[in-house]
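The structure under discussion appears below in the form of structure tokens.
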Amino acid sequence: MLGLKKYLIAEEERLNKIKQVIDKRLIDIPEGNLRITSSGKHIQYMHCKEKDGKYQKQGEYLKKENMSLVRALAQKSYDQKMKKLVDRRLKQIQIISKEYSDDEIELIYTNMNINRQALVTPVEKIWQQKVADWKSIPYTGKAFDEGIPEIYTKKGERVRSKSEKLIADTLFDRGIEYKYECPISLKGYGLVYPDFTILSRKTGKEMYWEHDGRMDDPKYSEKAVRKINSYIYNGIIPGDRLMLTFETSSTVLNDRTIKKMIDNFLL
């Protein structure tokens with residue numbers, strides 16, 4: 001699974017934080033165990049001590065004035081179960097994470113001599129082949145009106161704004177293939193031309209990047225919101241398959257924001 005390594009590392013960090021809390025709690029704990037019985041609405045708490053390595057079923061009944069001990073015993077039981085689970089999961093994750101690589105299946109093929117590769121059919125297309133197939137699908141982008149400034153990216157493509165050029169050039173510099181204004185149809189809205197369509201290496205699905213650059217223009221922002229809502233209605237959700245950036249006449253898009261978006265959604 002592409003991207004799994006990152007989640008394994010994140011989960012290991014989360015479990016280690018939990019382990020630190022649990023281990024600290026278990027330093028000073030009361031002796032014995034808590035048994036809870038009930039009769040109707042009446043609840044009784046029993047403090048059971050350990051004998052010959054086992055907790056006894058019968059023990060000393062605890063009164064209301066002993067509720068601090070009741071809570072401490074209940075917390076102890078919870079923390080001990082949590083410790084067993086967290087310790088077990090950490091060992092499992094550490095073993096998997098140590099030897100796992102996101103591209104391990106692909107590497108078996110790509111590490112072969114090129115002459116051997118020619119004799120082999122991989123179980124899955126390698127990423128470069130998938131991107132090449134995706135890029136080979138022809139499309140007709142949106143036409144440019146006459147009289148508007150001509151702005152070109154490092155790839156030599158014409159775009160509509162300096163901010164779009166900044167996005168396109170950053171994608172290019174990071175080695176990320178994209179399609180500029182490749183049309184898609186949104187049910188209930190019609191044909192739209194996302195600024196950038198990108199094939200996600202993490203998911204294998206297409207992602208769409210819309211940059212809304214005149215959000216202080218009421219008519220523009222109204223149309224932008226309608227389009228974003230249409231994406232959502234069609235199952236293309238912001239933060240999942242839809243990337244959004246914005247600017248106004250006084251707050252412009254910068255490369256730091258673009259790089260953060262790329263790092264978070266595409267790498």
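L244 satisfies every condition listed in (1) open to solvent by 10 Å² or more (accessible area, probe 1.4 Å); (2) over 24 Å from Y139 (Cα atoms); (3) not in a loop (DSSP other than H, G, I, E, B) except (2). Under the condition of being over 12 Å from E31 (Cβ atoms), part of a helix (DSSP H, G or I) and either touching a helix residue (DSSP H, G or I) at 6+ places or on another chain (Cβ under 8 Å) or in contact (Cβ under 8 Å) with a residue 24 or more places away in the chain (or both), the residues counted in region 53-75 number 3. With respect to E222, determine if the residue is open to solvent by less than 40 Å² (accessible area, probe 1.4 Å), of a type in the set (D, E, K, R) and more than 27 Å from P138 (Cα to Cα). So E222 does not fit the description; no.
Among the residues of region 178-187, which ones are open to solvent by 80 Å² or more (accessible area, probe 1.4 Å) and either among the aromatic types (F, W, Y) or in contact with a helix residue (DSSP H, G or I) (Cβ under 8 Å, 6 or more places away or on another chain) (or both)? Talk me through it step by step, then tell me what you get.
Step one: list which residues in region 178-187 are open to solvent by 80 Å² or more (accessible area, probe 1.4 Å), which gives 185, 187.
Residue satisfying the conditions is K187 alone.
The residue pairs whose first member lies in region 91-114 and is closer than 20 Å to L8 by Cβ, whose second member is open to solvent by less than 50 Å² (accessible area, probe 1.4 Å) and of a type in the set (F, W, Y), and whose beta carbons are closer than 8 Å, counting only pairs six or more residues apart or on different chains, are D103/W127; E106/W127. If the condition is being open to solvent by 70 Å² or more (accessible area, probe 1.4 Å), assigned to a helix (DSSP H, G or I) and under 16 Å from I198 (Cα atoms), then region 138-165 contributes no residue at all.
Among the conditions (1) modelled with pLDDT of 95 or more; (2) open to solvent by 50 Å² or more (accessible area, probe 1.4 Å), T203 misses just one, which is (1).
Matching residues to (1) among the hydrophobic types (A, V, I, L, M, F, W, C); (2) open to solvent by less than 90 Å² (accessible area, probe 1.4 Å):
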site	(1), (2)
I29	yes, yes
L34	yes, yes
C48	yes, yes
Q58	no, no
E65	no, no
Y78	no, no
K83	no, yes
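Against the definition (open to solvent by 70 Å² or more (accessible area, probe 1.4 Å) and out of contact with any Pro (no Cβ under 7 Å at 6 or more places or on another chain)), how does I22 come out, yes or no?
On the way: open to solvent by 70 Å² or more (accessible area, probe 1.4 Å): no; out of contact with any Pro (no Cβ under 7 Å at 6 or more places or on another chain): yes.
Spelling it out, it is not the case that I22 is open to solvent by 70 Å² or more (accessible area, probe 1.4 Å) and out of contact with any Pro (no Cβ under 7 Å at 6 or more places or on another chain).
Only one of I93, I105 is more than 30 Å from P30 (Cβ to Cβ), open to solvent by less than 50 Å² (accessible area, probe 1.4 Å) and part of a helix (DSSP H, G or I); which? Selected residue: I93, the only one of I93, I105 that is more than 30 Å from P30 (Cβ to Cβ), open to solvent by less than 50 Å² (accessible area, probe 1.4 Å) and part of a helix (DSSP H, G or I). Being touching a Ser or Thr at 6+ places or on another chain (Cβ under 7 Å), within 22 Å of K205 (Cβ to Cβ) and open to solvent by less than 70 Å² (accessible area, probe 1.4 Å), is that true of even one residue in region 118-137? Yes, that holds for at least one residue. Scanning region 130-159 for residues that are within 32 Å of the chain's Cα centre (by Cα) and either on the phi > 0 side of the Ramachandran plot or touching a residue at least 60 places away in the same chain (Cβ under 8 Å) (or both) returns K130, V131, W134. Among the residues here, G235 qualifies as surrounded by fewer than 16 Cβ atoms within 10 Å (Cβ to Cβ), of a type outside the set (S, T, Y), in a loop (DSSP other than H, G, I, E, B) and within 23 Å of the chain's Cα centre (by Cα).
Regarding W127, is this residue farther than 27 Å from I9 by Cβ and touching a residue at least 60 places away in the same chain (Cβ under 8 Å)? Spelling it out, it is not the case that W127 is farther than 27 Å from I9 by Cβ and touching a residue at least 60 places away in the same chain (Cβ under 8 Å). Please go through (1) closer than 30 Å to T248 by Cβ; (2) open to solvent by less than 50 Å² (accessible area, probe 1.4 Å); (3) part of a loop (DSSP other than H, G, I, E, B); (4) not β-branched (V, I, T) for D169 and return the number of the only condition it doesn't satisfy. Status for D169: all satisfied but (3). Each residue in region 188-200 was checked for being modelled with pLDDT under 95 and either basic (K, R) or surrounded by 14 or more Cβ atoms within 10 Å (Cβ to Cβ) (or both), and 3 pass.
The values are calculated or read from the model by the stated rules, or taken from the named source; none is laboratory data. Quantities reported herein were computed from a predicted structural model and do not represent experimental measurements. As a convention, Cβ positions derive from the backbone with ideal geometry for all residues, glycine included, and neighbour counts pool all protein chains shown. Note: areas computed on protein heavy atoms with side chains; ligands, DNA, RNA excluded. Shrake-Rupley method; radii C 1.70, N 1.55, O 1.52, S 1.80 Å.
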